Amino acid sequence: MSDENVTDEFKEHVKDTSVWTRLLFMLLFAALYWVAEVVLAVVVLFQFVSVLFTGKKNEKVLALGAQLSTYAYQIFRFLTYNSEEKPFPLGEWPSDAALSEQAAAATVAKKPARKAAAPRKRAPAKKPAAKDAAKTEAGEENPAASD
C-alpha cells in the first residue's frame with residue numbers, strides 16, 4: 001500500500017463519527033465500572049459481616065453480587081471491543097438467575113467422601129543375625145538396629 005492510501009484511510013477513520021461515539025460510551029462505562037467496583041466492595045464487606053454475625057450467607061446480597069459481577073464482565077467485554085452490546089443503563093440489567101443456580105448447586109452438592117487409606121502393613125522386623133546378636137550381648141552397637 002502506498003503512503004497516500006494509508007493516509008486517506010486514516011483520515012476516513014478519524015472522521016467516522018461512530019468511532020468517537022463509541023469513545024464517549026467507553027468513557028461512560030469506565031466511570032460506571034468504577035461505581036460498580038465501589039458498590040461491590042460494600043457488598044463484599046456486608047456479606048462478610050452478615051456471615052460473621054449470623055453464620056449464613058444473605059441470599060439477596062448473593063444475588064446482587066452475582067449481578068454486579070456479570071455487569072462488570074459486560075462492561076469489560078464492551079470496553080475491549082469483544083461485544084457491541086451496551087451494558088446497563090443502555091442495555092438490560094444482568095440477571096443473576098444462571099449464577100444463582102450454579103451457586104445453589106455448588107452449595108447443595110457435597111464433596112464425595114474420601115476413601116480411607118488402607119492401613120499400611122509393616123515389614124516384619126529383621127532378626128539380628130547370630131553374629132550381630134553376639135555383638136549386641138557383648139555391648140557393641142548393632143548397625144542394623146540404627147534404622
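Since every read-out is calculated from the coordinates, none of them should be taken as a lab result. Only a predicted model underlies this, so the values are computations on that prediction, with no experimental measurement involved. Because the Cβ atoms are built from the backbone with ideal geometry, glycine has one as well, and the counts that use them run over all protein chains shown.
Among 43-51, 65-73, what's the highest-first ranking by average C-beta atoms within 10 angstrom per residue? List each step's numbers first, then the result.
On the way: 43-51: 13.7, 65-73: 18.2.
Highest mean packing first, the order is 65-73, 43-51.
Working from the pairwise distances between different alpha carbons, so that the mean of 1/r is found and then inverted, what is segment 1-97's Kirkwood radius in Å?
On the way: mean 1/r = 0.0627 Å⁻¹.
This gives a value of 15.9 Å.
What length, rounded to one decimal in nm, is gained on full extension from GLN47 through to LEU27, with 0.36 nm per residue of separation minus their alpha-carbon distance? List each step's numbers first, then the result.
Values: separation 20, 0.36 × 20 = 7.20 nm, distance 3.01 nm.
Extra length from GLN47 to LEU27 when fully extended: 4.2 nm.
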